[in-house]
Amino acid sequence: MKNKPWAAAGVIVFVLGLGGFLFWMLYRAGKEISTQKQTLPNYRRNEALKYLDFQGNLWIDGFDTNGDGKPEAIAITPRLGKADTAGGYQAIDRLVVMQLSRYKGRPLLTVDHEGVRDSLGHALVDQMIATHGYRVDTSITPEGQLLIHLALLDSAGHVASDELTFGWDAGRGKYIRLGP
């Protein structure tokens, strides 16, 4: 009978300790969620750069390219060496338009030396290998749609092909080649 008061006190201490631990865990979880909300734009940028193996930089961030109300990021791997960059053009080896969700990124358009592909990996044009990269530029339609203009570069860094334009097709839910 003498042990009963100590047993009751032990149970009370255990319950209070467990309650304190649970309170501390909930407090940390709430702090983590608010920290994630503050760093979400950085996380989104990293998703686009991760797709390029962190060998590039963010070119356009926070622009809704597909009209879904959420910003996308466009990351590029700049072309080193000779390149025709006059007039605000970028010379690139790779490009990705990354749709940004809360948990991960999804590429909507990818460009590399093998070609231009949509979100499913289907080629948008038949082309030669882009050994010397691309010249890329963007424009915005009166409706606010972002268009991406690409042309192949030659070994001297000059444009070696016709310019192709790509834009978002809301009906199909993917990027398509615009024009002839």
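The values are calculated or read from the model by the stated rules, or taken from the named source; none is laboratory data. Quantities reported herein were computed from a predicted structural model and do not represent experimental measurements. Here the Cβ positions follow ideal geometry from the backbone for every residue, glycine too, while neighbour counts run over all protein chains shown.
At pLDDT below 75, part of a loop (DSSP other than H, G, I, E, B) and farther than 23 Å from residue 100 by Cα, is that true of residue 25?
Numbers: at pLDDT below 75: yes; part of a loop (DSSP other than H, G, I, E, B): no; farther than 23 Å from residue 100 by Cα: yes.
In short, no.
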What number of residues within segment 80-102 are part of a loop (DSSP other than H, G, I, E, B) and either at pLDDT 85 or above or over 22 Å from the mean Cα position of the chain (by Cα) (or both)?
6
With the requirement that a residue be surrounded by 13 or more Cβ atoms within 10 Å (Cβ to Cβ) and at pLDDT below 90, what does segment 114-131 give you?
119, 127, 130
Specify which of the listed residues (67, 19, 62) is at pLDDT below 80, surrounded by 10 or more Cβ atoms within 10 Å (Cβ to Cβ), over 22 Å from the mean Cα position of the chain (by Cα) and not charged (D, E, K, R).
19
What are the pairs with Cβ atoms under 7 angstrom where one residue, in segment 110-123, is in contact (Cβ under 8 Å) with a residue 40 or more places away in the chain and the other, located anywhere, is surrounded by 11 or more Cβ atoms within 10 Å (Cβ to Cβ) and assigned to a loop (DSSP other than H, G, I, E, B)? Sequence gap at least six, or different chains.
116/124; 116/125; 118/124
All but one of (1) touching a residue at least 24 places away in the same chain (Cβ under 8 Å); (2) closer than 18 Å to residue 177 by Cα; (3) surrounded by 14 or more Cβ atoms within 10 Å (Cβ to Cβ) hold for residue 151, so report the exception by its number.
(1)
What single numbered condition from (1) farther than 28 Å from residue 155 by Cβ; (2) polar (S, T, N, Q); (3) at pLDDT 75 or above; (4) under 12 Å from the mean Cα position of the chain (by Cα) fails to hold for residue 57?
(1)
